[in-house]
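Just passing along the structure, written as structure tokens.
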Amino acid sequence: MEYDPQQIEKKWQERWAREHLFETEPDPARREYYVLEMLPYPSGDIHMGHVRNYSIGDALARYVRMKGYNVLHPIGWDAFGLPAENAAIKSGRHPSEFTFSYIDRMRGQLQRLGFSYDWRREVTTCVAEYYRWNQWFFIKMFEHGLAYRKQARVNWCTKCETVLANEQVVDGCCWRHEDTPVEERELEQWFLKTTAYADQLLDDMKDLRWPERVLTMQRNWIGKSVGSEVDFDVDGLEESIRIFTTRIDTIYGCTALFLAAEHPLIEKLIAASEQPEELAREVERIKASSVQARVEVNLKKEGAPTGFKARNPFNGADVPIWIANFVLMGYGTGAVMAVPAHDERDFEFCSEYGLPIRTVIVPENTAVDEAAASDARADAFTEYGVLVNSGAYSGLRSEEAITRMTDDAEKRGFGKRKVYFRLRDWGVSRQRYWGTPIPMIYCNACGIVPVPEQDLPVVLPRNVKLTGEGRAALATVPEFVDVKCPKCGGPARRETDTMDTFVDSSWYFYRYTDPTISTAPFDRAAVKYWFPVDQYIGGIEHAILHLIYMRFWTKVMRDIGLVDFAEPVTRLFNQGMVIKDGAKMSKSKGNVVDPVAMCARYGADTVRLYMLFAAPPEKDLEWSDQGIEGAFRFLNRVYRMVARYADRIRSVSTDDAVVANAAGSLSPEERRLLRKAHQTLKHVGDDMEERWHFNTDVALIMELANEIGDLGPAIESGAVRAEVLKSGLDMLVLMLALFTPHIADELWETLGHQTSALLVPWPAVDPALAAEEELEIPVQVNGKLRARIRVPATASDDEIRTLALAETKVREFTEGRQIAKVVIVPKKLVNVVVK
């Protein structure tokens, strides 16, 4: 028999579809398990990153189903966005034409790979039946004070011609265009109040089984800072500057104040300046570099003096006021105190501009003369310590000083305790067409009025000329813009911005539970059964975008009474990228490997097996043509091996193998086969539960296949009976069913079984059969490996000690010397210590 993956895979995909094998419904009598991979953007073709992500998820979905769970495993399309709109601008065709044709193509490609999706639950975010609920959520947030509109400085991508959220600015550039620096503009924008949930987003992380790297990125992005606000009076003006600091214990070391270029006091300083034009020019220069300084850690710190001074309320010292490009109005008060002796950034800046450096904190147990000399330092001391040169607070430890100084500032009326977050509210307005229309109406008499719920959805008009230039495309369609006010009936106009497409992906996984429901965003009973998601799989690049937004969205849904939990996903896994020639695959680099072409050449099972075998799933996978050839050869070998023995074992019962084992009548060859099979089964099962070392699992399955191949003579001679051989082959095929389902079902049928392997319970491991009869233990003498001994698996430590000391190679290093002790790590290692 020749392995023909095209014929086999077509046969089983048709049968799975005919038998509705992957369809599922809530069943209160069964345990549920929700496996979710991040939904793809319909860009035209799937890529190897998709294949890797979805192969991981499918292996898990198949395993938990074989373990008896009722498994929800859906897929859909994150279908709004700029790529389709930009393609429409170039071609003159509507974005939906590209989007739906790409969805059709990619759906076929995913089905060709045989992933076990319940396609009835497919969700497409660009259809009105879906995005009407984006609009419904938006109105609910507006009603609860969580959606609001304001004039704000926003990030603007000149290539996208739209606003970007802070999370979408990467190294000073648009997240889509690494070569396009982001500008700042003043615009009226809609925001969602993510900051209202900042504490909850931090506190609830304790309940998440997520990679620590993701949690750390989210903690840093949310950026909770507990500190103090202190007012510095400005000399010559009836004004004060409020600074925020987390280290009030260092305030006696303040030698300057730094303001953001957008600080509201700047205009007054310019007006009162002796050189207003020069100061205004400097402000604009600093302002221009502040966008980059916000995101580029290594950008040069720049500043300019204003010519004004402010008074430190603790010691009465006057300090100069500067404008600095690294101080931002979006965080804290837009003003900070410079303490160069105890802050690395301040030290760098003040050293560059010749500002004084004054030490006020020293390590504990520092001598007085050392403290006095420490102003001439080579770097900043940023740790907690003991206060010096700090008036009445000198001698206090930092922790005590922070409390006492903040108390004193509050009593004396120039300061207070304060908590700030780095997290900003989510700006969701986008000046593009291909997105969800924001369902708000502007009336001169009534103000901002939500679209009535019965009038949803606000549908995107098709008769729009897309240019990508100038004002929002929807603003050019009078029949869309001009409406009557829902309150007073007078003339009004619609909002013409659309929503950030991350709104679409913030709740799509709820819609999978009932994608056709028309009376609510989702079926609450179904969500109660399936949620939270047991396992989510996707890339680390979404750590501070989608993965924060979806957590925020769920908390809002809880607070408006839609769900009764706070976190949507219990466990998260981030797979590595697929790279080639050391770089991420891209058409511009010419290193793209096409999954469709690989399926045509080798079959879907080979592609999936290689994706899981070539590297640990959390690491980047370097594509190798030789590697996928090897995976294909392995499946050919397994196919031929099962075909070779199929006729003689098809009709036998594996129960006879169990009876033989119970009676102790297994031959050494049979015990060897079953031991390897059960050891592999245990390793694969343990990995699927927790570790996910799929590459090791595949390697062990390959070793099991080799073991069966090596037993060929014993099989032919009858030393391995048909029922034992079938038991081993059954386990081999059922393990392969997780990773290569088409060939597994074909081989399962060849072995005489009537159903898909997916419907078979996961085999139980027999600990007695999996146990080794003998162990190989390394023996060291004074820590150096000198021999290896084989001992019975039941040997006691005394027996192991005797065998180790009797070993010839060990005796060469112990004879004539005193044995001080023998250290035995049970079943693992012997170390003989000699003098």
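Hey, S624 hits all of (1) open to solvent by 10 Å² or more (accessible area, probe 1.4 Å); (2) under 24 Å from R721 (Cα atoms) but one; which does it fall short on?
Result: S624 passes all but (2).
In addition: Out of E238, E274, E267, E262, I need the residue that is at negative phi and either in contact with a Lys or Arg (Cβ under 9 Å, 6 or more places away or on another chain) or among the aliphatic types (A, V, I, L, M) (or both). Which one? Step through it out loud before you land on a result.
Numbers: E238 fails: either in contact with a Lys or Arg (Cβ under 9 Å, 6 or more places away or on another chain) or among the aliphatic types (A, V, I, L, M) (or both); E274 fails: either in contact with a Lys or Arg (Cβ under 9 Å, 6 or more places away or on another chain) or among the aliphatic types (A, V, I, L, M) (or both); E267 fails: either in contact with a Lys or Arg (Cβ under 9 Å, 6 or more places away or on another chain) or among the aliphatic types (A, V, I, L, M) (or both).
Among E238, E274, E267, E262, only E262 is at negative phi and either in contact with a Lys or Arg (Cβ under 9 Å, 6 or more places away or on another chain) or among the aliphatic types (A, V, I, L, M) (or both).
For E14, which of the numbered conditions (1) acidic (D, E); (2) assigned to a helix (DSSP H, G or I); (3) open to solvent by less than 70 Å² (accessible area, probe 1.4 Å) fails to hold?
(3)
May I pose another question? Name, by its number, the condition in (1) closer than 21 Å to K555 by Cβ; (2) of a type in the set (G, A, S); (3) touching a strand residue (DSSP E or B) at 6+ places or on another chain (Cβ under 6 Å) that does not hold for S505.
(3)
Could you pull out the residue among R462, R430 that is of a type in the set (D, E, K, R), crowded, with 20+ Cβ neighbours inside 10 Å and closer than 30 Å to E97 by Cα? So that I can check it myself, show each step before the final result.
Numbers: R462 fails: crowded, with 20+ Cβ neighbours inside 10 Å.
None of the others qualify; the one that does is R430.
Mind checking whether some residue in the range 386-395 is in the same structural domain as N315 (by TED's automatic domain parsing), open to solvent by 60 Å² or more (accessible area, probe 1.4 Å) and more than 30 Å from I544 (Cα to Cα)?
So the first thing to find is which residues in the range 386-395 are in the same structural domain as N315 (by TED's automatic domain parsing), and the list is 386-395.
Of the ones still in play, those that are also open to solvent by 60 Å² or more (accessible area, probe 1.4 Å) are 389, 392.
This time we only want the ones that are more than 30 Å from I544 (Cα to Cα), so: 389, 392.
Checked against the condition, which is being in the same structural domain as N315 (by TED's automatic domain parsing), open to solvent by 60 Å² or more (accessible area, probe 1.4 Å) and more than 30 Å from I544 (Cα to Cα), the range 386-395 yields at least one hit.
Same structure again: Could you tell me whether V51 is part of a helix (DSSP H, G or I), over 27 Å from M641 (Cα atoms) and open to solvent by less than 10 Å² (accessible area, probe 1.4 Å)? I'd like the intermediate steps shown before the answer.
Details: part of a helix (DSSP H, G or I): yes; over 27 Å from M641 (Cα atoms): yes; open to solvent by less than 10 Å² (accessible area, probe 1.4 Å): yes.
So V51 fits the description; yes.
Anything in the range 131-153 that is over 16 Å from G427 (Cβ atoms) and part of a loop (DSSP other than H, G, I, E, B)? List them, or say none.
H144, G145 - these are the residues of the range 131-153 that are over 16 Å from G427 (Cβ atoms) and part of a loop (DSSP other than H, G, I, E, B).
Only one of these conditions is not met by V527: (1) of a type in the set (V, I, T); (2) farther than 17 Å from N53 by Cβ; (3) in a strand (DSSP E or B); (4) open to solvent by less than 10 Å² (accessible area, probe 1.4 Å). Which number is it?
Result: V527 fails condition (3) only.
Name the single residue, out of those in the range 584-614 being aliphatic (A, V, I, L, M) and within 25 Å of A543 (Cβ to Cβ), that is surrounded by the most Cβ atoms within 10 Å (Cβ to Cβ). So that I can check it myself, show each step before the final result.
Step one: list which residues in the range 584-614 are aliphatic (A, V, I, L, M), which gives 585, 592-593, 596-598, 600, 604, 607, 609, 611-612, 614.
Those left that are additionally within 25 Å of A543 (Cβ to Cβ): 585, 611-612, 614.
Numbers: M585: 19, M611: 31, L612: 24, A614: 21.
Across the range 584-614, the extreme among qualifying residues is M611.
Among the residues of the range 455-484, which ones are touching a Gly at 6+ places or on another chain (Cβ under 9 Å) and over 16 Å from S429 (Cβ atoms)?
Just the residues of the range 455-484 that are touching a Gly at 6+ places or on another chain (Cβ under 9 Å), to begin with: 460, 466, 476, 484.
Those that are touching a Gly at 6+ places or on another chain (Cβ under 9 Å) and over 16 Å from S429 (Cβ atoms): L466, T476, K484.
Condition check ((1) without any contact (Cβ under 8 Å) to a residue 60 or more places away in the chain; (2) within 21 Å of W156 (Cβ to Cβ)) across all residues:
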position: E400; (1), (2): yes, no
position: G415; (1), (2): no, no
position: C446; (1), (2): yes, no
position: V449; (1), (2): yes, no
position: D455; (1), (2): yes, no
position: N463; (1), (2): yes, no
position: L466; (1), (2): no, yes
position: L474; (1), (2): yes, yes
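Additional query: So F137 fits all but one of (1) out of contact with any strand residue (DSSP E or B) (no Cβ under 6 Å at 6 or more places or on another chain); (2) open to solvent by 10 Å² or more (accessible area, probe 1.4 Å); what number is the exception?
With respect to (1) out of contact with any strand residue (DSSP E or B) (no Cβ under 6 Å at 6 or more places or on another chain); (2) open to solvent by 10 Å² or more (accessible area, probe 1.4 Å), F137 is out only on (2).
Let me ask something else about it. Taking the range 255-289 as the search range and keeping residues that are β-branched (V, I, T) and in a helix (DSSP H, G or I), which one is most open to solvent (accessible area, probe 1.4 Å)?
Residues of the range 255-289 β-branched (V, I, T): 255, 266, 270, 283, 286.
Pick out the ones that are also in a helix (DSSP H, G or I) and you get 266, 270, 283, 286.
On the way: I266: 5, I270: 24, V283: 5, I286: 0 Å².
Going through the qualifying residues, I end up with I270.
Modelled with pLDDT under 95, closer than 30 Å to P450 by Cα and acidic (D, E): does that describe E188?
Details: modelled with pLDDT under 95: yes; closer than 30 Å to P450 by Cα: yes; acidic (D, E): yes.
Taking the combined requirement at face value, the residue satisfies it.
Select from the range 65-95 the residues that are more than 22 Å from K159 (Cβ to Cβ) and free of Cβ contacts under 8 Å to residues at least 60 places away in the same chain and write down the one among them that is most open to solvent (accessible area, probe 1.4 Å). First the steps, then the outcome.
Looking only at the range 65-95, we keep the residues that are more than 22 Å from K159 (Cβ to Cβ), and these are 65-77.
Checking the rest, the ones that are also free of Cβ contacts under 8 Å to residues at least 60 places away in the same chain come to 69-71, 73, 75, 77.
On the way: Y69: 56, N70: 6, V71: 19, H73: 7, I75: 1, W77: 0 Å².
For the range 65-95, the residue satisfying everything is Y69.
Every residue in the range 607-644 that is closer than 15 Å to V593 by Cβ, in a helix (DSSP H, G or I) and hydroxyl-bearing (S, T, Y), please.
Across the range 607-644, the qualifying residue is only Y610.
How many of the residues in the range 403-461 are under 31 Å from the mean Cα position of the chain (by Cα) and closer than 30 Å to A87 by Cα?
Final tally of qualifying residues: 14.
Name the single residue, out of those in the range 694-725 being in contact with a helix residue (DSSP H, G or I) (Cβ under 8 Å, 6 or more places away or on another chain), open to solvent by 10 Å² or more (accessible area, probe 1.4 Å) and of a type in the set (D, E, K, R), that is farthest from D655 (Cα to Cα).
E703
If I ask for residues that are among the aliphatic types (A, V, I, L, M) and out of contact with any Phe, Trp or Tyr (no Cβ under 6 Å at 6 or more places or on another chain), which ones from the range 235-256 would you list? Walk me through how you get there before you give the answer.
In the first step, residues of the range 235-256 are kept if they are among the aliphatic types (A, V, I, L, M); the result is 237, 241, 243, 248, 251, 256.
Of everything in the range 235-256, those that are among the aliphatic types (A, V, I, L, M) and out of contact with any Phe, Trp or Tyr (no Cβ under 6 Å at 6 or more places or on another chain) turn out to be L237, I243, I248.
Given the options R493, R558, R551, R462, name the one that is part of a strand (DSSP E or B) and either of a type outside the set (S, T, Y) or in the same structural domain as A79 (by TED's automatic domain parsing) (or both). Talk me through it step by step, then tell me what you get.
Details: R558 fails: part of a strand (DSSP E or B); R551 fails: part of a strand (DSSP E or B); R462 fails: part of a strand (DSSP E or B).
Within the list R493, R558, R551, R462, the selection yields R493.
Moving to a separate point now. Only one of S240, S228 is touching a strand residue (DSSP E or B) at 6+ places or on another chain (Cβ under 7 Å) and surrounded by 21 or more Cβ atoms within 10 Å (Cβ to Cβ); which? Steps first, answer last, please.
Details: S240 fails: surrounded by 21 or more Cβ atoms within 10 Å (Cβ to Cβ).
Matching residue, one of S240, S228: S228.
Results for (1) touching a residue at least 12 places away in the same chain (Cβ under 8 Å); (2) open to solvent by less than 50 Å² (accessible area, probe 1.4 Å); (3) not assigned by TED's automatic domain parsing to the domain that holds V527, shown as yes or no for each residue.
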| site | (1), (2), (3) |
| --- | --- |
| G582 | yes, no, no |
| K619 | yes, no, yes |
| Y645 | yes, yes, yes |
| R650 | yes, no, yes |
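Going through the range 627-636 one residue at a time, which ones are under 25 Å from W692 (Cα atoms) and open to solvent by 10 Å² or more (accessible area, probe 1.4 Å)?
First, pick out the residues of the range 627-636 that are under 25 Å from W692 (Cα atoms): 627-635.
Listed by number, the residues that qualify are G627, E629, G630, F632, R633.
Exactly one of (1) crowded, with 17+ Cβ neighbours inside 10 Å; (2) under 34 Å from the mean Cα position of the chain (by Cα); (3) assigned to a loop (DSSP other than H, G, I, E, B) is unmet by F381. Its number?
Just one mismatch for F381, condition (2).
The values are calculated or read from the model by the stated rules, or taken from the named source; none is laboratory data. Everything numeric here is computed off the predicted structure, so don't read it as measured data. Note: ideal-geometry Cβ built from the backbone for every residue, glycine included; neighbour counts use all protein chains shown. The protein model used for the area step is the full one, side chains on, heavy atoms only, and it has no ligands, DNA or RNA in it. Shrake-Rupley method; radii C 1.70, N 1.55, O 1.52, S 1.80 Å.
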